[in-house]
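The values are calculated or read from the model by the stated rules, or taken from the named source; none is laboratory data. All of these numbers come straight from a predicted model, not from anything done at the bench. Quick reminder, even Gly has a Cβ in these numbers, built from the backbone with ideal geometry, and neighbours come from all protein chains shown. We work out accessible area using only protein heavy atoms, side chains counted, and drop any ligands, DNA or RNA first. Shrake-Rupley method; radii C 1.70, N 1.55, O 1.52, S 1.80 Å.
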Amino acid sequence: DERLVGRRGADRDAIAKYPLVVDVYGGPESRGPSNTWSPANPLCELGFAVAKIENRGTIGRGKAFEGATYLELGGPDLDDQAAGVKAILAAHPEIDPERVGITGHSYGGYLAALALVRHPDVFHVGVAGAPVTDFRNYDTIYTERYMRTPRENPEGYDAGSAVKQASRLEGALLLLHGMQDDNVHPANTFQMAARLQAADIPFQMQLFPNATHGIPSPAYRSSKWSFLQEHLGAEETAGGSR
């Protein structure tokens, strides 16, 4: 309803009712979402508004846009996700600014975990699938293409490390990882868990004993969306539908 979208000011709190979930990948040299028509997202039937936001580091918008995350993975790309949410909230008062979640897998899982550390004022719930929690743990052929070596760029590695900054985490976090993952080693999730436990910060974690990086288990999807429903209150918005 355009009348709702266009209203501002004192009416905002009365209108706001839909939780927002950002579905992210966002890795360097990947292709972001296209500005084309697509069918309705069935997850909206759970009571969420779902957004995909193109961030710097992805291709298709010029060299400056693509190269903005060089030496700064987890910096401009995640800042763009936060800025995108703020733009959505400014344009759509029917979205509840206190119920914003983010979910992704692999590089998207990395951004989801880091979002609750770097932008807890924007993101309140995160589900991180197979996250790279510190790029010191990842393949050198990939990582050093964008970050150079840890010796050459220690500030960049630290600034983009969810592990190094884990004590700053706020909100509800669910970590999901396959125990046979030979792409993003499970040690990434274990290191994040250890830091959070050392800081006495609550979180949830589910491990999949037979899964590799993709985690084909049917429990992966149900765990993710059940967690988001629980912590964002989407069932109330959807009238209890599933």
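What's the extension gain from L207 to E144 if we count 0.36 nm per residue and subtract their Cα-Cα distance?
Using 0.36 nm per residue and subtracting the Cα-Cα distance, I get 19.8 nm.
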* Work out the P(r) tail for region 96-136: percent of alpha carbon pairs separated by more than 12 Å, whole number. => 50 percent
* Additional length obtainable on full extension of the chain from N35 to D121, 0.36 nm per residue less Cα span -> 28.2 nm
* Asked: So what is the accessible area of region 138-178 per residue, in Å², with the probe set to 1.4 Å?
  -> 49 Å²
* Cα centroids of region 39-68 and region 131-194: how far apart, whole angstrom? -> 22 Å
* To do: In nm, give the distance between the simple-model label positions of S226 and A90, each being 7 Å from the Cα along the Cα-to-Cβ direction.
  => 3.9 nm
* Asked: Over the Cα atoms of the chain, what is the Rg over Rh ratio if Rh follows Kirkwood?
  -> 0.97
* Structure fact -> Per-residue ellipticity at 222 nm attributable to helices in the chain (runs of n ≥ 4 DSSP H, -39500 (n - 2.57) apiece, nearest 500 deg cm²/dmol) works out to -9500 deg cm²/dmol
* Asked: How far apart, in nm, are two points set 7 Å out from the Cα along the Cα-to-Cβ line at L43 and at F190?
  -> 2.9 nm
